[in-house]
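Q: One structure follows; several queries about it will come next.
The values are calculated or read from the model by the stated rules, or taken from the named source; none is laboratory data. Since the structure is predicted, the reported quantities are computational estimates derived from the model, not experimental observations. FYI the Cβ positions are ideal-geometry reconstructions off the backbone, even for glycines, and counts take in every protein chain you see.
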Amino acid sequence: MKKTIIIAAIMLLVAGTASLDARTKKSAKKAKASATQVIYTGEIAKKVIGYNGPVPLNITIKNGVIENIEVLDNQESPGYLKRATAKVLPQYIGKTVAEAKKLNADVATGATYTSKAIIQNIQMGLDQAKSKSTSTSKKKAGKKKAAKKRR
């Protein structure tokens, strides 16, 4: 009886893992197909400090346009964080990466340190997004020049 239960549990575990793996692969394919990129700023901007510490973000870019910016776990005071995000994030949502890089965003009065940390995180994250798209466009430009020389 115990062996049957253990074998059944193992079979369920294996089936669940295979199903999870298949779903993960499907979601990765969907992300590639829709050109969606999520940039985590926790590592690249770990030295950017708000009033009480780092303010890591997830920046979602879809087809070159900033779709969402999510503030992750941090030590900022909830009231100041709410004030800063309400002022700063809408300035970036819906903009292309190029437009957002040029943006001189306003900070929230009374939440200046938090606002500046969010803005720096966004800019550093956008540098990552831009470097990925720039490297691709440079390769294409190089191929075009090489093709012209051959003529």
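Q: Within the range 100-112, identify whether any single residue is in a strand (DSSP E or B) and within 18 Å of the chain's Cα centre (by Cα), and answer yes or no.
A: no
Q: Here's a follow-up. What number goes with the only condition from (1) buried (at least 17 other Cβ atoms within 10 Å of the Cβ); (2) at pLDDT 95 or above; (3) out of contact with any Lys or Arg (no Cβ under 7 Å at 6 or more places or on another chain) that Ala129 does not pass?
A: All conditions pass for Ala129, except number (2).
Q: Shifting gears a bit: Output the residues belonging to the range 75-93 that are among the small types (Gly, Ala, Ser) and crowded, with 19+ Cβ neighbours inside 10 Å.
A: Residue satisfying the conditions is Ala84 alone.
Q: List the pairs whose first member sits in the range 37-64 and is within 15 Å of Tyr113 (Cβ to Cβ), whose second member is in a strand (DSSP E or B), and whose Cβ atoms are under 9 Å apart, counting only residues at least 6 apart or on separate chains?
A: Ala45/Pro54; Ala45/Leu57; Lys47/Pro54; Val48/Pro54; Val55/Ile49; Val55/Val71
Q: Here are the criteria: (1) surrounded by fewer than 19 Cβ atoms within 10 Å (Cβ to Cβ); (2) over 23 Å from Asn52 (Cα atoms); (3) modelled with pLDDT of 95 or more. Tell me which single one Ala100 does not satisfy.
A: The one condition Ala100 does not meet is (1).
Q: Count, please, the residues in the range 39-74 that happen to be surrounded by 19 or more Cβ atoms within 10 Å (Cβ to Cβ) and in a helix (DSSP H, G or I).
A: Number satisfying all stated conditions: 1.
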